[in-house]
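Before any comments, here is the structure.
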Amino acid sequence: MNTRSMIFTLYGDYISHYGNKIWIGSLIRFLHEFGHNDQSVRAAISRMNKQGWVQAEKIGNKSYYSLSDRGVRRIEEASQRIFKLKPEKWDGKWRIFMYSIPEEIRNIRDELRKELVWSGFGTMSNSCWVSANINDSQVQDLIEKYDIAPYVDFFVAEYKGPHEDHNIVEKSWNLDEINQKYQEFIGEYSQKYVIDRNKIQKGHMTDAECFVERTKLVHEYRKFLFVDPGLPEELLPEKWLGGHAAALFSEYYKELAEPALRFFESVFQEANELNQKDEAYDVMDHPYMIE
């Protein structure tokens, strides 16, 4: 599992609910549970800092990291989509995003494509992206972030034929492929859910093990945010498995939630208490700092 991606998962599922700031030592401790070493964690959080996802703060001789405003927005978007059990009601309109970005800034074009997929867009034709989601503010953020206003156009429109709205879906996304990914998730995690539920009920699973499994569960389910456009129910095929996967995720998550949280809080609180003691020693060692 990618270290940077795991850090995003930890921020979204835990850290953002506890003041949004964490000591690098605690972050390393949590990532050790998944086999990541100190160096990989420091390198990943440094990259995230340079990319504008997190911001660094020095307190005494210790480094802390918190989500930037951009990071907070991304985590909030992800959380809303991850824990949404049913698709939102469609307003019957399509968001159409078109661009013609110069070759000399094609690196921006590549990044933009990833962001559009994240926001639920699909490619109807070359450089013409469509979405059935109400994501107008996200699009405006992208235009400002990449400073591409001269090269893009954005429309909100109704489809007037000659085909049905489902025809746009078929052109823009491979729903069979996405449904297959949901089938694989259900096949693997329905079995794991039953096994872990029995272990927890019998007291055969530690808090640390529940923390690892809950984090892995969120980490795997979060991947659907990069492939599933989150289409409204009206546009989904009859045998769509997204709802089944969402229900399974929700039940499994609830089963692991309490013991996983106990482990997180124990490590998080222990680090805070240790750091407070260190700060007290610092003040005693440097009395001139006391006003």
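Restricting the first member to the range 156-169 and to residues that are exposed (fewer than 10 other Cβ atoms within 10 Å of the Cβ), and the second to residues that are not aliphatic (A, V, I, L, M), the beta-carbon pairs closer than 7 Å and six or more apart or on different chains are E158/G92; E158/K93. Screening Q201 on (1) in contact with a helix residue (DSSP H, G or I) (Cβ under 8 Å, 6 or more places away or on another chain); (2) more than 30 Å from E115 (Cβ to Cβ) shows it passes everything except condition (1). Of the strands (runs of 3 or more DSSP E) lying entirely inside the range 120-201, those containing at least 1 residues that are farther than 16 Å from P229 by Cα span 122-125, 152-157.
When the range 35-80 is filtered for residues that are under 23 Å from V212 (Cβ atoms), more than 15 Å from the chain's Cα centre (by Cα), hydroxyl-bearing (S, T, Y) and assigned to a helix (DSSP H, G or I), only S40 remains.
Scanning the range 152-180 for residues that are farther than 17 Å from G120 by Cα and touching a Lys or Arg at 6+ places or on another chain (Cβ under 9 Å) yields E158, Y159.
Check whether at least one residue in the range 58-77 is small (G, A, S), surrounded by fewer than 13 Cβ atoms within 10 Å (Cβ to Cβ) and more than 29 Å from R42 (Cα to Cα), and report yes or no. No, there is no match, as no residue in the range 58-77 is small (G, A, S), surrounded by fewer than 13 Cβ atoms within 10 Å (Cβ to Cβ) and more than 29 Å from R42 (Cα to Cα).
Residues checked against (1) crowded, with 16+ Cβ neighbours inside 10 Å; (2) β-branched (V, I, T); (3) not assigned by TED's automatic domain parsing to the domain that holds S26:
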position: F83; (1), (2), (3): no, no, yes
position: E88; (1), (2), (3): no, no, yes
position: F97; (1), (2), (3): yes, no, yes
position: T123; (1), (2), (3): no, yes, yes
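Quick one: is N37 of a type outside the set (D, E) and on the phi < 0 side of the Ramachandran plot? Criteria met by N37. Which residues, counting only those in the range 10-29, are surrounded by fewer than 20 Cβ atoms within 10 Å (Cβ to Cβ) and out of contact with any Asp or Glu (no Cβ under 6 Å at 6 or more places or on another chain)? Residues satisfying the conditions are S16, H17, Y18, G19, N20, K21, W23, I24, G25, R29.
Of everything in the range 81-100 that is in a loop (DSSP other than H, G, I, E, B) and at pLDDT below 90, the residue that is farthest from V218 (Cα to Cα) is K89. In the set K58, K50, only one residue is out of contact with any Asp or Glu (no Cβ under 8 Å at 6 or more places or on another chain), among the basic types (K, R), farther than 30 Å from V139 by Cα and outside the structural domain of R214 (by TED's automatic domain parsing); that residue is K58. If I filter the range 102-116 for residues that are surrounded by 15 or more Cβ atoms within 10 Å (Cβ to Cβ), in contact (Cβ under 8 Å) with a residue 60 or more places away in the chain and closer than 27 Å to S250 by Cα, do I get at least one hit? Checked against the condition, which is being surrounded by 15 or more Cβ atoms within 10 Å (Cβ to Cβ), in contact (Cβ under 8 Å) with a residue 60 or more places away in the chain and closer than 27 Å to S250 by Cα, the range 102-116 yields no hits at all.
The values are calculated or read from the model by the stated rules, or taken from the named source; none is laboratory data. Predicted, not measured: the structure shown is a model, and the values here were computed from it. Note that we place each Cβ from the backbone using ideal geometry, even for glycine, and neighbour counts take in every protein chain shown.
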